[in-house]
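Below is one structure, written out as structure tokens; the observations come after it.
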Amino acid sequence: MLLDMVKDPRDLKGFTIKELDELAREIRQIILEVVSQRGGHLAPSLGVVELTLALHYVFDAPRDKIVWDVGHQAYAHKLITGRRKRFHTLRQYGGLSGFPRPDESPYDAFAVGHSSTSISAALGMAVARDLSGGDHKVVAIIGDGSMTAGMAFEGLNHAGHLDRDLVVILNDNEMCISPTKGALSHYLSRRLADPGYLRFRDEVKRLVLGKPGGDVLLGAIKKLEESVKGFFTPGILFEELGFKYVGPVRGHHLGELIDTLEGVKRTREPILVHVLTRKGKGYGPAEKEPHRFHGVGPFSVRTGEPVKTPGKSYTQVFGETLVKLGQGDERIVAITAAMPDGTGLTPFAQRFPERFFDVGIAEQHAVTFAAGLASQGMRPVVAVYSTFLQRAYDQIIHDVALQNLPVTFALDRGGLVGADGPTHHGAFDLSYLRCVPNMVVMAPAHGEELARMLATALEWDGPAALRYPRSRAPRAEVPEELVPLEVGRGELLKEGDDLVMVVAGHLLGEAEKAVEILEEKGIAAALINARFVKPLDEELILEWASRTGRVVTLEENSLLGGFGSAVLELLAAREVLVPVLNLGLPDSFVTHGSQEELRRELGLAPSSLAHRVEEWLSRGQERVVYLVG
């Protein structure tokens with residue numbers, strides 16, 4: 001295999017175009033084989049193989065900085081930067097991350113996982129280079145989907161204003177932007193990136209500036225160039241932001257890519273290269289349904305069908321429940337930030353297209369858009385991954401909670417997500433939401449409870465959030481009658497004299513098993529399903545804290561400011577000073593791996609929970625409060 005000859009990107013420079021084309025085919029096959037077994041971001045990575053090879057062929061990483069946006073496209077990059085032998089460990093515990101990480105390789109210039117950060121980060125690197133007297137290139141690669149986020153345009157605007165040597169590659173895989181295509185635009189693109197043309201343009205600028213009428217002549221030349229490009233290409237927007245626009249360039253034509261980038265490499269100004277790619281390139285099912293193959297679990301390469309796991313997910317329960325509630329209430333509106341499939345909203349979108357809105361990768365806008373809807377009597381549901389809602393925190397506080405508007409936040413991927421790792425774990429939502437005034441925060445322990453909590457939130461006259469995990473849901477059938485819960489009421493599941501374990505959310509199953517293990521050892525634990533993180537069921541928690549004299553809290557959220565902290569605050573405020581053991585996520589970023597592996601490592605598996613409680617009891621505490629990570 002040609003790939004075996006590539007120890008680092010410098011080896012590419014001796015390859016012919018024909019050999020690079022063959023190498024691209026080999027890389028696609030390896031990506032397909034590994035992702036079909038391990039899961040991951042398939043279609044985005046298949047779409048940028050030639051672009052990745054051209055970038056490393058022309059530029060000199062790691063001296064030149066290559067900054068990937070999100071990192072969904074970085075698998076080919078990993079394969080040619082010294083990680084070929086470990087690629088089979090992709091997204092596995094102890095293996096390669098699914099995203100660029102500087103601690104994994106010097107070729108990963110910046111850690112990413114959320115979208116639309118590349119331009120801002122690359123601009124910072126370019127300014128640092130200039131301040132320190134360097135002369136290397138900085139290149140940001142951003143997808144057209146990521147260009148829907150405001151942060152990308154903030155970065156473009158600032159970069160154009162600073163007029164620094166910066167290259168932005170817009171990877172347009174036809175998901176959002178639809179430029180004019182055709183032979184003439186391809187020809188024009190190559191001419192505009194030609195080093196001879198760029199030198200000619202700069203020479204004309206040098207000759208006419210300072211001469212009588214030079215400004216007028218230069219302005220006329222610039223307008224003529226912009227008019228030609230504006231007629232044939234979509235680049236006028238970027239020119240107005242201060243970037244020299246080059247493109248569209250065919251993203252699967254290595255000769256054209258390399259010629260264009262060689263010309264761009266010689267520039268010393270902000271320049272945007274518009275590259276046309278096909279998401280899922282080289283694998284028929286992914287080309288046909290790029291959304292479905294954006295992020296996948298294990299699947300059959302032959303058929304493209306996923307390897308089914310039994311049961312229904314929390315996400316599916318949410319989607320089914322929202323459709324059912326939407327049938328009876330025309331005020332219900334569903335909003336997603338470019339994740340209709342991932343958040344389970346596709347059935348709602350199909351059933352009620354006029355009440356479904358995909359705002360693109362723009363969580364801030366999604367939340368304030370929802371606030372506007374709620375202010376006029378609608379009942380909007382913002383379905384979003386827990387980790388992505390962090391980007392709209394000001395809007396949650398200022399635009400929703402301050403006005404006490406009835407916006408429902410459905411937080412998917414709450415807790416440990418598994419193989420996507422620290423950028424995607426929903427580790428902080430209980431902490432960052434429960435401190436917001438007017439906010440009701442719920443955590444279901446099973447599918448039926450999720451359905452009833454969604455009904456509760458949509459009936460509540462104020463902001464409400466429910467967070468649930470990326471996993472199969474026990475008791476996953478949506479009830480025929482969706483009776484809302486009483487806000488702030490928990491559920492006593494088991495009585496016991498030695499301690500009370502209070503659980504927030506989906507770890508209730510682990511807690512039930514841990515309580516059984518403790519029972520076998522003669523330790524009688526009461527068990528409470530909290531249901532509400534805010535407001536707490538104060539009466540129930542205080543009663544059983546006083547009865548047993550010991551409290552254990554359990555959550556899959558950061559212990560700092562989370563559910564356990566809320567219980568501690570309650571006990572302290574009521575002067576019920578009993579020993580407390582808080583169990584949850586540590587004050588550190590959790591690595592990637594399966595949820596089961598991570599829970600074992602963090603002491604959140606049933607046997608580990610029972611052992612930690614038993615050990616805690618054996619220490620014979622005095623009547624003081626403990627915090628244990």
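The values are calculated or read from the model by the stated rules, or taken from the named source; none is laboratory data. Note that this is a predicted model, so its numbers are computed, not measured. Methodologically, a virtual Cβ is constructed for each residue, glycine included, from the backbone with ideal geometry; neighbour enumeration extends over all protein chains shown.
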Note on region 29-65: residues surrounded by 21 or more Cβ atoms within 10 Å (Cβ to Cβ) and among the charged types (D, E, K, R) are GLU50, LYS65
Filter region 567-578 for residues that are surrounded by 16 or more Cβ atoms within 10 Å (Cβ to Cβ) and outside any helix (DSSP H, G or I) and give the result.
VAL576, VAL578
Quick one: in region 1-28, of everything that is surrounded by 14 or more Cβ atoms within 10 Å (Cβ to Cβ) and either within 18 Å of ARG91 (Cα to Cα) or among the small types (Gly, Ala, Ser) (or both), which residue is farthest from the chain's Cα centre (by Cα)?
ALA24
Spot the failing condition for VAL139; the list is (1) more than 25 Å from THR387 (Cα to Cα); (2) modelled with pLDDT under 95, and only one is missed.
(2)
So LEU493 clears everything in (1) at pLDDT 95 or above; (2) exposed (fewer than 15 other Cβ atoms within 10 Å of the Cβ) except one condition, right? Which one?
(2)
Can you tell me which of (1) of a type in the set (Gly, Ala, Ser); (2) over 22 Å from GLY421 (Cα atoms); (3) touching a Pro at 6+ places or on another chain (Cβ under 7 Å) is the one ALA43 doesn't meet?
(2)
Determine whether HIS77 is touching a Ser or Thr at 6+ places or on another chain (Cβ under 7 Å) and part of a helix (DSSP H, G or I).
yes
Please note which strands (runs of 3 or more DSSP E) are completely contained in region 455-566 and include at least 1 residues that are of a type in the set (S, T, N, Q) and over 30 Å from GLU330 (Cα atoms).
525-529, 551-558
If the requirement is being surrounded by fewer than 15 Cβ atoms within 10 Å (Cβ to Cβ) and under 28 Å from ARG470 (Cβ atoms), which of these qualifies: GLU512, GLU596?
GLU596
Out of (1) without any contact (Cβ under 8 Å) to a residue 12 or more places away in the chain; (2) outside the structural domain of GLN29 (by TED's automatic domain parsing); (3) of a type outside the set (A, V, I, L, M), the one GLU240 does not meet is (2)
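Across region 289-312, what is the total count of residues that are in contact with a Phe, Trp or Tyr (Cβ under 9 Å, 6 or more places away or on another chain) and either within 20 Å of ALA338 (Cβ to Cβ) or touching a residue at least 60 places away in the same chain (Cβ under 8 Å) (or both)?
Of the residues in region 289-312, 3 are in contact with a Phe, Trp or Tyr (Cβ under 9 Å, 6 or more places away or on another chain) and either within 20 Å of ALA338 (Cβ to Cβ) or touching a residue at least 60 places away in the same chain (Cβ under 8 Å) (or both).
To keep it simple, each residue is scored yes or no on (1) among the small types (Gly, Ala, Ser); (2) modelled with pLDDT of 95 or more.
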{"residue": "LEU23", "(1), (2)": "no, yes"}
{"residue": "GLN37", "(1), (2)": "no, no"}
{"residue": "PRO44", "(1), (2)": "no, no"}
{"residue": "GLY47", "(1), (2)": "yes, no"}
{"residue": "HIS56", "(1), (2)": "no, yes"}
{"residue": "HIS77", "(1), (2)": "no, yes"}
Of everything in region 549-569, what is hydroxyl-bearing (Ser, Thr, Tyr), within 11 Å of VAL533 (Cβ to Cβ) and touching a strand residue (DSSP E or B) at 6+ places or on another chain (Cβ under 6 Å)? Give them in sequence order.
THR553
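Do you know which residues across region 431-454 are part of a helix (DSSP H, G or I) and within 25 Å of the chain's Cα centre (by Cα)?
Within region 431-454, SER431, TYR432, LEU433, ARG434, GLY447, LEU450, ALA451, MET453, LEU454 meet the criteria.
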Looking at region 290-313, which of the residues that are of a type in the set (A, V, I, L, M) and closer than 30 Å to ARG475 by Cβ is surrounded by the fewest Cβ atoms within 10 Å (Cβ to Cβ)?
VAL307
Which count do you get for residues in region 599-625 that are at pLDDT 95 or above, surrounded by fewer than 18 Cβ atoms within 10 Å (Cβ to Cβ) and part of a loop (DSSP other than H, G, I, E, B)?
1
Pairs only if they're at least six apart or on different chains, beta carbon under 6 angstrom, first in region 1-26 and assigned by TED's automatic domain parsing to the domain that holds VAL48, second β-branched (Val, Ile, Thr); list them, first residue then second.
VAL6/ILE80; PRO9/ILE80; ALA24/VAL49
Return the residues of region 92-107 that are at pLDDT below 95 and either of a type in the set (Val, Ile, Thr) or in contact with a helix residue (DSSP H, G or I) (Cβ under 8 Å, 6 or more places away or on another chain) (or both); say none if nothing qualifies.
GLN92, TYR93, GLY95, LEU96, SER97, GLY98, PHE99, PRO100
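Out of all the residues in region 57-74, is one or more under 28 Å from ALA149 (Cβ atoms) and in a helix (DSSP H, G or I)?
yes
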